[in-house]
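Readers should treat all values here as calculations from the given coordinates under stated rules, not as data from a laboratory. All figures in this text were calculated on a predicted structure; none of them were measured in a lab. Glycine also receives a Cβ, built like all others from the backbone with ideal geometry; neighbour counts cover every protein chain displayed.
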Amino acid sequence: MDKVQLGKADLHISPIVFGAWAIGGMAWGGTDDEDSLDAMRASFELGITTIDTAPVYGLGHSEKVVGDFVREVGRDKVEILTKFGFNWRTTKGEYMFDGAAPGGPTEKVHFYTGKDGIIQEVENSLRLLNTDYIDLYQIHRPDANIPIEETMETVEELVQQGKIKAFGVSNHSVDLMKRAEAVLSIASSQSPYSMIYRKIEKNILPHCIDNNIGILAYSPLQRGLLTGKITADYKFKEDDHRPTTKWFKEPNLSRTNTFLQRIKPIADDHGATLGQLVINWTIQRSGITAALVGARNREQATENAKSLDFSLSGGEIQKINAELDKVIIEG
């Protein structure tokens, strides 16, 4: 799997990135660490060398498991992407929610990007990830209480210290990106993007294309919905967050599955699954640098990695887009 440059940064990543949210366990119905490690091993064996995680994914658990994998394969073999902002070790900032690591106590999570919080977070991430530098450090979401210019000054210090190689934003508007880049170059914008959620095409995607900022598309499978495996009778585990979102409620669930059945013949023609077809389509979109795709076991990871084993023709992409135009998502 050939690597791609992330924006204007001196950083090359795999076009499919291993998304490590689910392996943190929290909000995903628990996790099995050995399955998680095996998923990363399978991804790595098939050319996925880039992993995206965050401290808040299981309150440190995802980073710890990623760190175990880094120790196993060697730091120079992988690119580590993580984030900052959600912090359960401080009472500063805005209270967001209660969370817990698997088997751990409930903690109050705040969002805080003050200098002391960032320094605290980066040191914890470096320790958990078994590394002395982070390839891409991303602000997880906008902070309503601290000017982004102030946050960027701290990030710039981390770059100068060699603790991070590049900086990216996540879930930020064009205006905030412009303000941030006035202080320090932005390598990437991590944004939600899928066949049925293409909001960034209006402003964010054109801005990033014009300014050579990479786009890391997260939830390209819309949290599993676009695999075609989530039907009306699907049983979610108790603490799985997905049933509470609009995507998994009617009529959106049925409309999405109807669309998937209409494009399934294209997947069949390539000997591919629906999920592989969706990932392939996503990565081929103009301006998309890489797709972040989660996996919780070897089977899922292998399926994801093989999404680039075929090429969609222009005619096939037109057919997919024509069917997409018929899909109306409510809410």
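Normalised by 2.2 N^0.38 Å, where N is the number of residues, the alpha-carbon radius of gyration of the chain equals 0.96. The Stokes-Einstein estimate for region 171-226, based on a Kirkwood radius over Cα pairs and taken at 20 °C with 1.002 mPa s viscosity, is a diffusion coefficient of 183 µm²/s. The modelled label-to-label distance for the pair residue 183/residue 127, using points 7 Å beyond Cα in the direction of Cβ, is 2.5 nm.
Return 84, 236 ranked ascending by Cβ neighbour count within 10 Å, so the fewest neighbours appear first.
236, 84
Using a 10 Å Cβ count of at most 10 others and DSSP loop calls, identify the longest part of the chain lacking such GluC sites (Glu not before Pro). Write down the numbers at each step before the final one.
Values: sites that count: 238, 330.
It works out to 1-237.
Derived scalar couplings between HN and Hα for region 38-47 equal 5, 5, 5, 4, 4, 4, 4, 4, 9, x Hz in order, rounded to whole Hz, by the Karplus curve 6.51 cos²θ - 1.76 cosθ + 1.60 (θ = phi - 60°), x for Gly and Pro. Taking the inverse of the mean 1/r over every pair of distinct Cα atoms in region 69-110 gives a Kirkwood hydrodynamic radius of 12.7 Å. Looking at region 149-243, the pairs of alpha carbons with a distance over 24 Å make up 39% of the total.
Each of residue 313 and residue 33 was given a label point 7 Å from its Cα along the Cα-to-Cβ line. The distance between the two points is 5.0 nm. All Cα-Cα separations within region 1-136 were binned at 10 Å from zero, giving a P(r) of 12, 42, 34, 12, 0, each value a whole percent of the pairs.
Here region 60-155 is treated as an ellipsoid with the same Cα gyration tensor; its semi-axes, largest first and in whole Å, are 24, 18, 9.
Sorted largest first, the spans of the alpha carbon positions of region 196-241 along the three principal axes are 44, 18, 14 Å.
R0 = 41 Å: FRET efficiency of residue 45 with residue 262, Cβ-based, nearest 0.05? After rounding, the FRET efficiency stands at 0.75.
Kirkwood Rh over alpha-carbon pairs of region 157-196, then Stokes-Einstein at 37 °C and 0.692 mPa s: what D in µm² s⁻¹, rounded to an integer? The partial results should precede the final answer.
Working: Rh = 11.4 Å.
Stokes-Einstein gives a translational diffusion coefficient of 289 µm²/s.
Among the listed pairs 115/163; 92/115; 8/64; 306/326, those with a Cα-Cα distance over 19 Å are 8/64; 306/326.
Distant-in-sequence amide contacts of residue 97, defined by a placed amide H-H separation under 5 Å and a gap of 5 or more residues or a different chain, comprise 109.
Note that region 226-331 shows a convex hull volume over its alpha carbon atoms of 126 Å³ per residue.
Using 0.36 nm per residue and subtracting the Cα-Cα separation, the extra length available between residue 150 and residue 94 on full extension is 18.5 nm. All C-alpha pair distances within region 22-81, sorted into 10 Å bins from zero, spread as 24, 58, 18, 0 percent across the bins.
Nearest 20 debye, what's the magnitude of the dipole of the chain about its Cα centre given +1 on Lys and Arg Cβ and -1 on Asp and Glu Cβ?
Working: 37 positive and 46 negative charges, 149 e Å.
In total the dipole reaches around 720 debye.
Tell me what the chain gives for mean residue ellipticity at 222 nm when only DSSP H runs of n ≥ 4 count, each as -39,500 (n - 2.57), the sum divided by the residue total, rounded to 500 deg cm²/dmol.
Values: 10 runs with 116 residues, N = 331.
Helices in the chain give a 222 nm mean residue ellipticity of -11000 deg cm²/dmol.
How much net charge surrounds residue 13 when only the other residues with a Cβ under 12 Å from the Cβ of residue 13 are counted, with Lys and Arg +1 and Asp and Glu -1? Computed value for this residue: -3.
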